[in-house]
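The values are calculated or read from the model by the stated rules, or taken from the named source; none is laboratory data. Since the structure is predicted, the reported quantities are computational estimates derived from the model, not experimental observations. Neighbour counts run over all protein chains shown; Cβ positions are idealised from the backbone, glycine included.
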Amino acid sequence: MMRLFKRSVLTDEHRRVWARDGFLILRAFFDHQTVDAVNSEVAGLLRNREAYPDVSVDVLSDANVGKRMKIMDVPEELFSGPIKINDLFLNSDIVRACTLDERLSTILGALLDGDPMVCNSLNFIYGSTQGAHYDSWFMAPPVKDKMVAVSICLDENADDNGPIFLYPGSHTIPPYVFPHGKIAKLDADLGPALRYVEETSRAIEPVTFYGQPGDVLIWHGQVLHGGSPIKNPSRTRRSLVTHYWRAKDYTSSLRTKISKNGYVMKRAHQEAAH
Ligand SMILES: O=C(O)CCC(=O)C(=O)O
């Protein structure tokens, strides 16, 4: 497979940008054949949803925001708006191979100081339109700061299809500690947490990530980010987003080694009401 981005070693400049901003952009990391293979895989799955009874979807469009459903039960019209298809790395060799591409795993290993372990994967067809958030609210890593997320662009990321925005340097803001003493979010305490986020990020100007199919955006699990509003609802922004912890921080019987330097968490699909 021809690859455009040859390096699996971070340069000093990459490390400087990572330390300063908490995110990195690797242009043309995956070739077009790989992008096409993932897009065809997901399109095939969407045409044949009854073959994937375990796969769950989080609906992100206005009226149904926050609803988790089995993919077979999602009304057809919701596939033309923001949704998250959860954890296709559990079903698809093609998706899993991308999440643990050897060069990518090597780079993530350098950023995490340990081999990456996939905790979840999300396939988006449209922009997520998610408000600014910290990923650690949803899956706080076992060791502080040892989580990264990767978005592989499977479409152009432009001004009108809800590109990702990020707050450079927000990974250095001390995280909000919820009343249970942890950084994992408690819905009952979201008001004060959102106020803390607002106050602590006010001085930071968010930046928008624009990318081409095959580009990779990596962000620190403690970087404030989200999805911009979609200005052109007919325009897709397909992407594969994966969240990783370090394999060495997780119980060895609960993880599987997939490649030389990449692991997946041993887990089932998300529960969803039928
Ligand atoms: O792709 C996006 O719009 C944002 C994805 C995201 O925020 C996430 O999965 O944590």
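Points to keep in mind about this one:
- Yes/no for H269 being within 16 Å of the ligand (Cβ to nearest atom) and modelled with pLDDT of 95 or more: no
- Taking the criterion of being of a type in the set (A, V, I, L, M) and more than 9 Å from the ligand (Cβ to nearest atom), the residues of region 118-131 that qualify are V118, I125.
- Assessment of region 165-186 against the conditions (within 20 Å of Y263 (Cα to Cα), within 16 Å of the ligand (Cβ to nearest atom) and touching a residue at least 60 places away in the same chain (Cβ under 8 Å)) yields no matching residue.
- Residue count for region 67-93, restricted to those that are outside any strand (DSSP E or B) and either small (G, A, S) or more than 16 Å from the ligand (Cβ to nearest atom) (or both): 16
- The criterion of being crowded, with 19+ Cβ neighbours inside 10 Å, touching a helix residue (DSSP H, G or I) at 6+ places or on another chain (Cβ under 8 Å) and modelled with pLDDT under 95 holds for V59.
- For region 141-164, a residue qualifies if it is touching a Pro at 6+ places or on another chain (Cβ under 9 Å), crowded, with 16+ Cβ neighbours inside 10 Å and assigned to a loop (DSSP other than H, G, I, E, B), and the qualifying residues are L154, D155, E156, G162.
- Only one entry in S234, S201 is touching a residue at least 24 places away in the same chain (Cβ under 8 Å), farther than 30 Å from K266 by Cβ, more than 14 Å from the ligand (Cβ to nearest atom) and among the small types (G, A, S), namely S201.
- Output for region 143-158, where each listed residue is more than 14 Å from the ligand (Cβ to nearest atom) and within 30 Å of V38 (Cα to Cα): D145, K146
- Index of the failed condition, S170 passing every other in (1) crowded, with 23+ Cβ neighbours inside 10 Å; (2) modelled with pLDDT under 95: (2)
- Hey, P141 at negative phi, in contact (Cβ under 8 Å) with a residue 60 or more places away in the chain and in contact with a helix residue (DSSP H, G or I) (Cβ under 6 Å, 6 or more places away or on another chain) or not: no
- Being hydroxyl-bearing (S, T, Y), near the ligand (Cβ under 10 Å from one of its atoms) and in contact (Cβ under 8 Å) with a residue 40 or more places away in the chain is not true of T106.
- Test result for L224, in contact with a Leu (Cβ under 8 Å, 6 or more places away or on another chain), within 15 Å of the ligand (Cβ to nearest atom), within 23 Å of V42 (Cα to Cα) and among the aliphatic types (A, V, I, L, M): no
- Any hit, region 204-216, residues being touching a Gly at 6+ places or on another chain (Cβ under 7 Å), more than 13 Å from the ligand (Cβ to nearest atom), aliphatic (A, V, I, L, M) and under 26 Å from T172 (Cβ atoms): yes
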